[in-house]
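One structure, pasted below without further comment.
The values are calculated or read from the model by the stated rules, or taken from the named source; none is laboratory data. This one's a predicted model, so the numbers in the text were calculated from it and none came from an experiment. Positions of Cβ are generated from backbone atoms using ideal geometry, with glycine treated the same way; all protein chains shown enter the neighbour counts.
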Amino acid sequence: MSLVDQLDTVTDASAGTVDRHATTQTFSSTNPASDAVVGVFPVHDADAVQETVERARPAAEQWAALGFDGRRERLAAYRGYLARRMNELAELVHRENGKPHGDAILEITLAIDHLAWAGAHARKTLGQRRVRAGMLAANHAAYLEYQPLGVVGVIGPWNYPVFTPMGSIAYALAAGNAVVFKPSEYTPAVGAWLAAAWRAAVPDAADAFQVVTGFGETGAALCRARVGKLAFTGSAPTGKKVMAACAETLTPVLMELGGKDAMIVDDDADVVAAADAAVWGSMSNAGQTCIGIERVYATSAVYDRFVAEVTAQLRTLRPGSDDEATYGPMTMASQGGIVRRHVEDATGAGGRVVRGDADPSLFPNENYLAPTVLLDVPESSSAIREETFGPTLTITKVRDAEEALALTNATSYGLAGSVFAKSKARGMDLARRMRSGMTSVNSVLTFASIPALPFGGVGDSGFGRIHGEDGLKEFTRAKAITRQRVALPVNLMSFGRPASATDALARVMGMIHGRHR
Ligand code: NDP
């Protein structure tokens, strides 16, 4: 069977893509566990991307005209569809991304929860409301509302191919926009499945959510297609290219980029819980998590116990593709090379390596990496400074939590992080001073599962927010309206005002504000 023929074997998934230009160029996505082809997809060129965006424009107007209730109803139908077919989608995520079925279920669950929250909170967050007009315009009524941008372009990564793009897609749709989504070339089947599911669940607004597939050029074409906003999730270097392309058309951008997140383990921390969280936070999804824990700074009071506990837990981990495996292969084969380089750098600089009991000779192929902990790695090494994105964790002994915080913050990234401390005041204080968009105290990654909380980074981790009220507002423009209720005898904003009016105004302002020193 040819690759193009095999497209038919994933018709459910491919039905959501725009295939008018599919006749010439195609590409295939493969299962990282076996290299088997998962699906074949069109490479959409600039014309095809533009055509898709143009088709989305009237769809955006119709979608916006449905109002908050109409959209909420349809978003509910979509999440109902996803929930009923959760196992089917999880199986596809498992095949294309490599993560265990259970982790895929968890990812889809989070995405569904965000869809529910976005649909339910759009009116309250974005709907028209009256604000105080203030003294100078007391005879006017003042209104604020958040209007949709039209068509939003979403470019997503492969590591959480459902949860991550849905953080933009759900909130952009709930805010009244249409969406054109370009999934990663490593997970196009999942992206196409999501769009096909939309068409099936919301047939009367089918073009409000479409997918285009291809490589970086397809994404770049979406940047240049004059969308209302481009929401990008991916690495910082690609983010810079996306911003440059969007600058050509003054298209605003949302940047959700990489991280080098740290965990601080303080003197009074529950060491067993901290170790459990550090191992999950660093090794789940084979470490391919933007908000994964890559560094731990443990105080000297707990360091030995913490390392012993992490080492014990590491023994229980085994990468694989079977039902018992704790995590899967690297989705992108080239990432394995980066992870190996970081481990070699660290050991070359005097770092010690602790590996689990998993026997690499039994791994099915070289996409599987052993769980690896690096101890006492110099702060200058790549395992500390660069995003590793693999099943590795550095653990560094520090004098106290203040030193841990200083080292945590000494990075150009600032996505998320974690603090383990028994004292509530201490934990909250460290969390607030951590230079990151999100921090969990006494757990890891929890903020991602709370739809009301905004998600996004600082520094090289990007800007803008998905999730929560900020995530809804991110896909809108604020609109201000005033309405004169009664006319005043003297209109200050008229050439007809008498000179005495501004003299009186100056006296009043002097009385109200002049007393402040
Ligand atoms: P990349 O930056 O390589 O790619 C991201 C997306 O951009 C892909 O769809 C890619 O397409 C596309 N792309 C590539 N080149 C261009 C271009 N010139 N113009 C427009 N689009 C382009 O990231 P990965 O997919 O490797 O994802 C991993 C990264 O994502 C990590 O750094 C991770 O930390 C970060 N991430 C951040 C998250 C956050 O919320 N902050 C969440 C999840 C991941 P193609 O794949 O076809 O090349």
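Take the residues in region 243-262 that are aliphatic (A, V, I, L, M) and over 20 Å from the mean Cα position of the chain (by Cα); name whichever of them is surrounded by the fewest Cβ atoms within 10 Å (Cβ to Cβ).
Across region 243-262, the extreme among qualifying residues is 250.
Here's another thing I want to ask about it. Hey, can you tell me all the residues within region 197-242 that are among the aromatic types (Phe, Trp, Tyr), within 10 Å of the ligand (Cβ to nearest atom) and under 19 Å from the mean Cα position of the chain (by Cα)?
Answer for region 197-242, where residues must be among the aromatic types (Phe, Trp, Tyr), within 10 Å of the ligand (Cβ to nearest atom) and under 19 Å from the mean Cα position of the chain (by Cα): just 232.
Here's a follow-up. Give the residue, chosen from 344, 387, that is surrounded by fewer than 19 Cβ atoms within 10 Å (Cβ to Cβ) and not assigned by TED's automatic domain parsing to the domain that holds residue 95.
Checking each option against the conditions leaves just 344.
Check off (1) touching a residue at least 24 places away in the same chain (Cβ under 8 Å); (2) over 22 Å from residue 75 (Cβ atoms); (3) among the polar types (S, T, N, Q) for residue 233 and give me the number that stays unchecked.
Result: residue 233 fails condition (2) only.
Here's something else I'd like to know. Take the residues in region 170-191 that are in a helix (DSSP H, G or I) and farther than 13 Å from residue 68 by Cα, then tell me which one is farthest from the chain's Cα centre (by Cα).
189
For region 308-339, what are the residues that are over 22 Å from residue 275 (Cα atoms) and either in a loop (DSSP other than H, G, I, E, B) or touching a residue at least 12 places away in the same chain (Cβ under 8 Å) (or both)?
320, 321, 322, 323, 329, 330, 331, 332, 333, 335, 336, 338
Checking residue 179 against (1) over 26 Å from residue 28 (Cα atoms); (2) touching a Leu at 6+ places or on another chain (Cβ under 7 Å), which single condition isn't satisfied?
(1)
Test residue 112 against the stated conditions and say whether it is under 24 Å from residue 452 (Cβ atoms) and without any contact (Cβ under 8 Å) to a residue 40 or more places away in the chain.
Yes.
A quick yes/no check of all residues on (1) in contact with a Cys (Cβ under 7 Å, 6 or more places away or on another chain); (2) of a type in the set (Val, Ile, Thr); (3) outside any strand (DSSP E or B); (4) at pLDDT below 95:
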| site | (1), (2), (3), (4) |
| --- | --- |
| 242 | yes, yes, yes, no |
| 245 | yes, no, yes, no |
| 251 | yes, yes, yes, no |
| 259 | yes, no, yes, no |
| 281 | no, no, yes, no |
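Could you tell me how many of the residues in region 281-318 are buried (at least 20 other Cβ atoms within 10 Å of the Cβ) and either β-branched (Val, Ile, Thr) or more than 16 Å from residue 354 (Cβ to Cβ) (or both)?
Residues in region 281-318 being buried (at least 20 other Cβ atoms within 10 Å of the Cβ) and either β-branched (Val, Ile, Thr) or more than 16 Å from residue 354 (Cβ to Cβ) (or both): 16 in total.
Scan region 284-322 for residues that are within 16 Å of the ligand (Cβ to nearest atom) and either touching a strand residue (DSSP E or B) at 6+ places or on another chain (Cβ under 7 Å) or assigned by TED's automatic domain parsing to the domain that holds residue 163 (or both) and jot them down.
284, 285, 286, 287, 291, 292, 293, 294, 295
Can you tell which of 221, 195, 231, 206 is of a type in the set (A, V, I, L, M), part of a helix (DSSP H, G or I) and within 30 Å of residue 292 (Cα to Cα)?
195
Okay, next question. In this structure, is residue 87 in contact (Cβ under 8 Å) with a residue 24 or more places away in the chain and either over 22 Å from residue 177 (Cβ atoms) or of a type in the set (Asp, Glu) (or both)?
no
Based on this model, can you work out whether residue 136 counts as farther than 30 Å from residue 35 by Cβ and modelled with pLDDT under 95?
Taking the combined requirement at face value, the residue satisfies it.
Mind listing whichever residues of region 385-400 are in contact with a strand residue (DSSP E or B) (Cβ under 6 Å, 6 or more places away or on another chain) and under 19 Å from residue 306 (Cβ atoms)?
Once the filter is applied, which keeps residues that are in contact with a strand residue (DSSP E or B) (Cβ under 6 Å, 6 or more places away or on another chain) and under 19 Å from residue 306 (Cβ atoms), region 385-400 yields 392, 393, 394, 395, 396, 398, 400.
Taking residue 274 as meeting all but one of (1) aliphatic (A, V, I, L, M); (2) part of a helix (DSSP H, G or I); (3) crowded, with 21+ Cβ neighbours inside 10 Å; (4) within 10 Å of the ligand (Cβ to nearest atom), write down the number of the exception.
The single condition residue 274 does not satisfy is (4).
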